[in-house]
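**Student:** This structure is in structure tokens; I'll ask about it shortly.
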Amino acid sequence: MSEVKNERFCRMQLWAVIVLMLSLFLPVGVLSLPAQTVMAADNKVEEWTESEGDENVNVKINVTSKSIAIGASYGLIIYNVSEDQRVVFTSSDTSVATVDETGIVTGVANGQTTITAAVYTGEELTKKLRCSVKVAPAALNVRFITPEVVIIQGRRMALKSIFVPYNCVKDVTYYSSNSKTVHISTSGRIAAKKVGVAYVYIILPNGKYDVCKVTVVSQEDYDTMIENAEKASEGQEEN
């Protein structure tokens, strides 16, 4: 075992001497190892493989799925692209949706397609990002299922709505007349922040809208309302 160690030590010393001698006679940089190789502990040269996507791990797309109406457009954004990179957009079915060189997707007809963003570093393809796009008719009208709701302070609930036609793209904007009392999310979920009244609007791109009156009450007031309603119901049954 000691002979093997001595032999390895001698080889390492010999290698060091050769490197030193060559460095004295060769121009700077000639002796440098290839960029994609490293020296292992046993002096063997091993290939260094970059982890897949390591260089482009932060290159991302703003959405991976999107529904757009026929004739409408939506812009895809690729984040963290370096100056030496370029992005090429393609659509798997241009009869459903097209995409231009800047990532603007336009709905053509009902259906499903995939938009691919190919990221090139020089001429090398380094990453592919995809977005599934569904194209459907635009919504013509909308209304809340319940025109008025009562909710306890601190609670949350979703405001359900009906669209015409039923298979349309549900591209809407929600708005609360009093966000300090009722907050509305982009998905139509309300949060009762404090006691009071607010009007929540659901608005289509064509200007059509509907309104829901939201009344926020305390737990005590809510219990009283329920109790009074039960008494009124019992009185009607007796009559």
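**Student:** Would it be correct to say that Val182 is farther than 30 Å from Asn58 by Cα, over 28 Å from the mean Cα position of the chain (by Cα) and of a type in the set (A, V, I, L, M)?
**Tutor:** Details: farther than 30 Å from Asn58 by Cα: yes; over 28 Å from the mean Cα position of the chain (by Cα): no; of a type in the set (A, V, I, L, M): yes.
No, not satisfied.
**Student:** Taking the condition outside the structural domain of Tyr201 (by TED's automatic domain parsing), outside any loop (DSSP other than H, G, I, E, B) and among the aliphatic types (A, V, I, L, M), does Val150 pass? Even if it seems obvious, please write down each step before you answer.
**Tutor:** Details: outside the structural domain of Tyr201 (by TED's automatic domain parsing): no; outside any loop (DSSP other than H, G, I, E, B): yes; among the aliphatic types (A, V, I, L, M): yes.
When the stated conditions are applied, Val150 does not pass them.
**Student:** For segment 207-224, how many residues meet the condition of being exposed (fewer than 12 other Cβ atoms within 10 Å of the Cβ) and touching a residue at least 24 places away in the same chain (Cβ under 8 Å)?
**Tutor:** Step one: of segment 207-224, the residues exposed (fewer than 12 other Cβ atoms within 10 Å of the Cβ) are 207, 219-220.
Add one more test, that the residue is touching a residue at least 24 places away in the same chain (Cβ under 8 Å), and what stays is 219.
Count: 1.
**Student:** Looking for whichever is under 13 Å from Arg130 (Cα atoms) and either modelled with pLDDT of 95 or more or in contact with a Pro (Cβ under 9 Å, 6 or more places away or on another chain) (or both) here; the options are Thr114, Thr106. Which one fits?
**Tutor:** Numbers: Thr106 fails: under 13 Å from Arg130 (Cα atoms).
Being under 13 Å from Arg130 (Cα atoms) and either modelled with pLDDT of 95 or more or in contact with a Pro (Cβ under 9 Å, 6 or more places away or on another chain) (or both) holds for just one of Thr114, Thr106, which is Thr114.
**Student:** Take segment 112-127 and flag every residue that is under 21 Å from the mean Cα position of the chain (by Cα) and either farther than 16 Å from Ile68 by Cβ or crowded, with 16+ Cβ neighbours inside 10 Å (or both). So that I can check it myself, show each step before the final result.
**Tutor:** As a first pass, look at segment 112-127 and keep what is under 21 Å from the mean Cα position of the chain (by Cα): 112-119, 126-127.
Passing the criteria: Thr113, Ile115, Thr116, Ala117, Ala118, Val119, Thr126, Lys127.
**Student:** Moving on. Assess whether Ala191 counts as being outside the structural domain of Lys66 (by TED's automatic domain parsing), more than 30 Å from Val99 (Cβ to Cβ), surrounded by fewer than 13 Cβ atoms within 10 Å (Cβ to Cβ) and under 27 Å from the mean Cα position of the chain (by Cα).
**Tutor:** Values: outside the structural domain of Lys66 (by TED's automatic domain parsing): yes; more than 30 Å from Val99 (Cβ to Cβ): yes; surrounded by fewer than 13 Cβ atoms within 10 Å (Cβ to Cβ): no; under 27 Å from the mean Cα position of the chain (by Cα): yes.
No; evaluated as a whole, the condition is false for this residue.
**Student:** Now for a separate question. Any chance you could count how many residues in segment 78-90 are closer than 14 Å to Ser132 by Cα and within 19 Å of the chain's Cα centre (by Cα)?
**Tutor:** Here the count works out to 1.
**Student:** Go through (1) within 23 Å of Leu204 (Cβ to Cβ); (2) under 17 Å from the mean Cα position of the chain (by Cα) and name the single condition Ala69 misses.
**Tutor:** Only one criterion in (1) within 23 Å of Leu204 (Cβ to Cβ); (2) under 17 Å from the mean Cα position of the chain (by Cα) is unmet by Ala69, namely (2).
**Student:** If I go through segment 128-151 residue by residue, how many of them are in contact with a Ser or Thr (Cβ under 9 Å, 6 or more places away or on another chain) and buried (at least 17 other Cβ atoms within 10 Å of the Cβ)?
**Tutor:** Within segment 128-151, residues that are in contact with a Ser or Thr (Cβ under 9 Å, 6 or more places away or on another chain) and buried (at least 17 other Cβ atoms within 10 Å of the Cβ) number 9.
**Student:** Here's another thing I want to ask about it. So the check is Cβ under 6 Å with 6+ separation or different chains; which pairs have a first residue in segment 85-102 that's at negative phi and surrounded by 12 or more Cβ atoms within 10 Å (Cβ to Cβ) and a second one that's modelled with pLDDT of 95 or more and not in a strand (DSSP E or B)?
**Tutor:** Within 6 Å, the pairs are Phe89/Gly103; Val96/Val108; Val96/Ala109; Ala97/Val108.
The values are calculated or read from the model by the stated rules, or taken from the named source; none is laboratory data. Keep in mind the model is a prediction, meaning the values are calculated, not measured. Virtual Cβ from ideal backbone geometry, glycine too; neighbours counted across all protein chains shown.
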